[in-house]
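Here the structure comes first, spelled out in structure tokens, and everything after it is commentary.
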């Protein structure tokens, strides 16, 4: 019984809903695949925030931690480390999966009350307009071109030294992304 990875992962999630905790060796036996294959499946599902890897297996994530929300721009799952949170004047919360999508979202809105993101190194919550951005570094965590955010210009510059890219302030990053998107969409 050879099933494609997405079907296998759906089956793992289905069993997790029934049992709450599953062991890797048990999953490998049930699905007739290697334990390494199960490790890769669990890693993928954990990256999407759908389960937590634990020693020897997996469990459903703590409901307090999960943001099963999709990015307003590209519909990818929003991971807390990269999230970009915009609150509009009418108190609507818009989530973006990364600074790339967050900056694009800000370009198209006039009703923003607050916009916050997490610093890429320390994960501190930072005001979007005060952050510095490294565009197009060799580290690609989410959407393209890669955009990573830093609370300080010094951290952004130090990151750039190691991984390339261009350091920009908020308005430079926003302009650069909107130009890149106009270029690709016409």
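Report, by residue number, each residue of the range 141-151 that is within 20 Å of residue 175 (Cα to Cα) and part of a loop (DSSP other than H, G, I, E, B). Answer for the range 141-151, where residues must be within 20 Å of residue 175 (Cα to Cα) and part of a loop (DSSP other than H, G, I, E, B): 142, 143, 144, 145, 146, 151. Could you grab me the full set of residues in the range 1-59 that are part of a loop (DSSP other than H, G, I, E, B), surrounded by fewer than 18 Cβ atoms within 10 Å (Cβ to Cβ) and out of contact with any strand residue (DSSP E or B) (no Cβ under 9 Å at 6 or more places or on another chain)? Selection gives 1, 2, 3, 4, 32, 34, 55.
Each row is one residue, and each column tells you yes or no for (1) modelled with pLDDT of 90 or more; (2) under 22 Å from residue 47 (Cβ atoms); (3) assigned by TED's automatic domain parsing to the domain that holds residue 51; (4) out of contact with any strand residue (DSSP E or B) (no Cβ under 6 Å at 6 or more places or on another chain).
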| site | (1), (2), (3), (4) |
| --- | --- |
| 89 | yes, no, no, no |
| 119 | yes, yes, no, no |
| 129 | yes, no, no, yes |
| 166 | yes, no, no, no |
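When residue 79 is tested against (1) surrounded by 13 or more Cβ atoms within 10 Å (Cβ to Cβ); (2) touching a strand residue (DSSP E or B) at 6+ places or on another chain (Cβ under 8 Å), exactly one condition is not met: (2). Any idea which of (1) surrounded by 15 or more Cβ atoms within 10 Å (Cβ to Cβ); (2) touching a helix residue (DSSP H, G or I) at 6+ places or on another chain (Cβ under 8 Å); (3) over 14 Å from residue 173 (Cα atoms) is the one residue 95 doesn't satisfy? For residue 95, the failing item is (2).
Do you know which residues across the range 72-87 are within 14 Å of the chain's Cα centre (by Cα) and either farther than 25 Å from residue 139 by Cα or at pLDDT below 90 (or both)? Across the range 72-87, the qualifying residues are 72, 73, 74, 75, 76, 77, 78, 79, 80, 81, 82, 83. Residues of the range 101-130 that are over 18 Å from the mean Cα position of the chain (by Cα) and assigned to a loop (DSSP other than H, G, I, E, B): 108, 109, 110, 111.
Just to check your reading of the model, which residue among 121, 125, 112 is closer than 22 Å to residue 49 by Cβ, touching a residue at least 24 places away in the same chain (Cβ under 8 Å) and surrounded by fewer than 18 Cβ atoms within 10 Å (Cβ to Cβ)?
121
The values are calculated or read from the model by the stated rules, or taken from the named source; none is laboratory data. Since this is a predicted model, take the numbers as computed values, not measurements. As a convention, Cβ positions derive from the backbone with ideal geometry for all residues, glycine included, and neighbour counts pool all protein chains shown.
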